[in-house]
């Protein structure tokens, strides 16, 4: 079975909520919409205090001449204030607060539950599809939140050959993508066709890890019947297969060179399976991106679940819906256990990139005590980028910035495999992040100086 | 707020692997060889091992507490126990107890703790201890008991030459000499099954091939080590000594006998693979293994000692920082296109 070629680890999968059907989460009383939910410049609020909005009303406009995208209201009601909020990343961001009143949708949204096929809409030429995706505020739903329309328009020197759909969901615990594939398979596949048409490619792959055999079977059957140019590729379960570069290597056997090279430089456009669904809704149903599937899970949680959640819903509400936090101290993570961020505040809103809320309590919440490095090389064997984490961490700790730059620290994808595997519990990734940030700053400074 | 939130950076899960687990698995992998040694050499094997382990642990504890004044106890990590075991495995079972204690002091006190303890030493402590003893007490260290004298023997064991010593005699003397004839005669008495099950003279832990291979299987199965170092050493020794054997079968031993005699397997499986003193990248490990194999054959054939493994590993230990600098893992993006 296919997989990526360098490194990787296999954490306990703990897909506790894999059999839980998607439930619709309750509407919040107040919904909060950070304006920076994507990579790039935050959107600019285009509503004021007292304005009435509906579900699907634009409340943030993309910043012009910048990498940016729109934000839409997920609720109907009145704008309470335009202020700031601390989001899941821990940073303060401009935000729109809306008091929820009823559930009135914009008329332009097609709410009928009828599947629309690409063949039904011949007017959808690539430019139209991309424009619709852009206007619906669709971003990568896997967590990185890169605006989707930008990815579909690569620089002219690159020629995309395939669209590869990231449906591996390699993070332990998370099951949002898995449930989406089982419950919205047809919509996802039409979404993939839309992405392929927009990128002007004739071949699509869907990479799914073998720990989701039901999804592999269902999508393979549907592809064989209705979507002959899409191929489901079962992959060996291994973390971090959902990393863009690892996925390309696993599916088509090409390796993207070191930064600043892009996936499209080897001919691949990667989109998350959640993004494919969002693209379907945006293009076929005129529905902007304002809700998503969120896994709320944890071993100590009473009812791990998958929720269809409106953006802006506070995470605390979802946790309560699953039985509340367990007693004692707990770690609440936005995202999965390998790359998610521990929250300092449970009122942070669900955003476009919120794939999960994970609760770990007791022993699980704490790191082990670090011991001396015994040079076992397990981090070197685990690194999916072929780096030497022990060396990068040690040299970063000693502020040897030129050395870590030469050792390729900017290639680090911060997947955490090194720290996961370290028998001595060394906080390697903490140090590597410091080194990587510093080196990136140094590189930018050099580029600025060179321009002058 | 009712709950206290714990905050740290990702990753938030851990494999559950630990230094202790790795060290104890190596110790467990050494147990079959220890049992075989007991069968071959009697209770002396157990006594020697016990003295060695106890003195290594005591020295580490005392140095850590009284000289380094480190409040954290380091003996629980299992590395001192492992050093003690390996040191004992590299000695004859009938050696004087005080020599063992001197060796343990050198291994732990000089080679390990002066460099900063676990993870910081340049040389393998057990091997450096052995080399120190071999140079300081050559008679005690090279007077090996013959196997099969009953379970009660210790210091009173009868001694004799090892297969490796006879091989050296074969190499050093012309075929028409009396010594050569005697060596051929002695070697012909040793059957393959004797080498497989440890029924030959030698250091305590090195004689039983089957038990050492079982240890290798345990280490590989538990993913404590990878195949790269042991296999590269064994293949190099086999190929090189095979070539020498083909060129001159009268002077050189059969390559299979080379593999199964002396400390080659013990060194390749348990000593050269020591985490701290071996290279980090796979390519580096292969280079290291090939170099150890090469040096071992050279020393065995042309050196002053019959045994070359421990010196070969120690010499290559010194090159590990250079190997780490020169041989890097293959980075992502440098691997050619599949198909």
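Observations, loosely collected:
- Residue list for the range A:380-394, filter: touching a helix residue (DSSP H, G or I) at 6+ places or on another chain (Cβ under 7 Å) and closer than 19 Å to residue A:170 by Cα: A:382, A:383, A:384, A:385
- Restricting A:211, A:272 to those that are under 26 Å from residue A:354 (Cα atoms) and crowded, with 20+ Cβ neighbours inside 10 Å reduces the list to A:272.
- Residue check for residue B:31: more than 30 Å from residue A:333 (Cβ to Cβ), touching a helix residue (DSSP H, G or I) at 6+ places or on another chain (Cβ under 9 Å) and either more than 14 Å from chain A (Cβ to nearest Cβ) or not in a helix (DSSP H, G or I) (or both): yes
- Test: residue in the range B:65-74 that is under 22 Å from residue B:214 (Cβ atoms), surrounded by fewer than 22 Cβ atoms within 10 Å (Cβ to Cβ), more than 10 Å from chain A (Cβ to nearest Cβ) and touching a helix residue (DSSP H, G or I) at 6+ places or on another chain (Cβ under 8 Å): no
- Filter pass, residue A:436 being surrounded by fewer than 16 Cβ atoms within 10 Å (Cβ to Cβ) and away from chain B (no Cβ under 11 Å): no
- When the range A:331-369 is limited to residues that are farther than 20 Å from residue A:422 by Cα and more than 24 Å from the chain's Cα centre (by Cα), the one that is modelled with the lowest pLDDT turns out to be A:362.
- For the range A:211-252, the set of residues classified as in a loop (DSSP other than H, G, I, E, B), out of contact with any helix residue (DSSP H, G or I) (no Cβ under 6 Å at 6 or more places or on another chain) and over 30 Å from residue A:443 (Cα atoms) consists of A:211, A:228, A:229, A:236, A:237, A:238, listed by residue number.
- Residue in the range B:298-330 that is farthest from the other protein chains (Cβ to nearest Cβ), counting only those that are modelled with pLDDT under 95 and crowded, with 24+ Cβ neighbours inside 10 Å: B:300
- In the range A:352-381, residue surrounded by the fewest Cβ atoms within 10 Å (Cβ to Cβ) [restricted to those that are more than 9 Å from chain B (Cβ to nearest Cβ) and assigned to a loop (DSSP other than H, G, I, E, B)]: A:369
- Subset of the range B:41-53 (residues that are within 19 Å of the chain's Cα centre (by Cα) and either surrounded by fewer than 24 Cβ atoms within 10 Å (Cβ to Cβ) or without any contact (Cβ under 8 Å) to a residue 40 or more places away in the chain (or both)): B:46, B:50, B:51, B:53
- Residue in the range A:382-392 that is in contact with a strand residue (DSSP E or B) (Cβ under 6 Å, 6 or more places away or on another chain), more than 27 Å from residue A:90 (Cα to Cα) and crowded, with 21+ Cβ neighbours inside 10 Å present: yes
- The range A:321-340, residues that are within 7 Å of chain B (Cβ to nearest Cβ) and part of a strand (DSSP E or B): A:330, A:331, A:332, A:333
- Qualifying residue in the range B:270-281 (condition: away from chain A (no Cβ under 12 Å), assigned to a loop (DSSP other than H, G, I, E, B) and in contact with a helix residue (DSSP H, G or I) (Cβ under 6 Å, 6 or more places away or on another chain)): yes
- The listed residues are A:217, A:212, A:238, and the only one of them that is within 14 Å of chain B (Cβ to nearest Cβ) and at pLDDT 95 or above turns out to be A:238.
- Among the residues of the range A:180-210, those that are closer than 20 Å to residue A:11 by Cβ and outside any loop (DSSP other than H, G, I, E, B) comprise A:207, A:208, A:209.
- Test: residue A:349 is farther than 25 Å from residue B:317 by Cα, at the interface with chain B (Cβ under 10 Å from one of its Cβ atoms) and in contact with a helix residue (DSSP H, G or I) (Cβ under 8 Å, 6 or more places away or on another chain): no
- Condition check for residue A:301: at pLDDT below 95 and either part of a loop (DSSP other than H, G, I, E, B) or under 17 Å from the mean Cα position of the chain (by Cα) (or both): yes
- Criterion applied to B:79, B:8 was being free of Cβ contacts under 8 Å to residues at least 24 places away in the same chain and within 11 Å of chain A (Cβ to nearest Cβ), and the one residue passing it is B:8.
- Strands (runs of 3 or more DSSP E) wholly inside the range A:1-99 that include at least 1 residues being within 14 Å of another protein chain (Cβ to nearest Cβ): A:77-86
- Test: residue in the range B:235-252 that is surrounded by 24 or more Cβ atoms within 10 Å (Cβ to Cβ), outside any helix (DSSP H, G or I) and either in contact with a helix residue (DSSP H, G or I) (Cβ under 8 Å, 6 or more places away or on another chain) or away from chain A (no Cβ under 14 Å) (or both): no
The values are calculated or read from the model by the stated rules, or taken from the named source; none is laboratory data. Note that this is a predicted model, so its numbers are computed, not measured. Methodologically, a virtual Cβ is constructed for each residue, glycine included, from the backbone with ideal geometry; neighbour enumeration extends over all protein chains shown.
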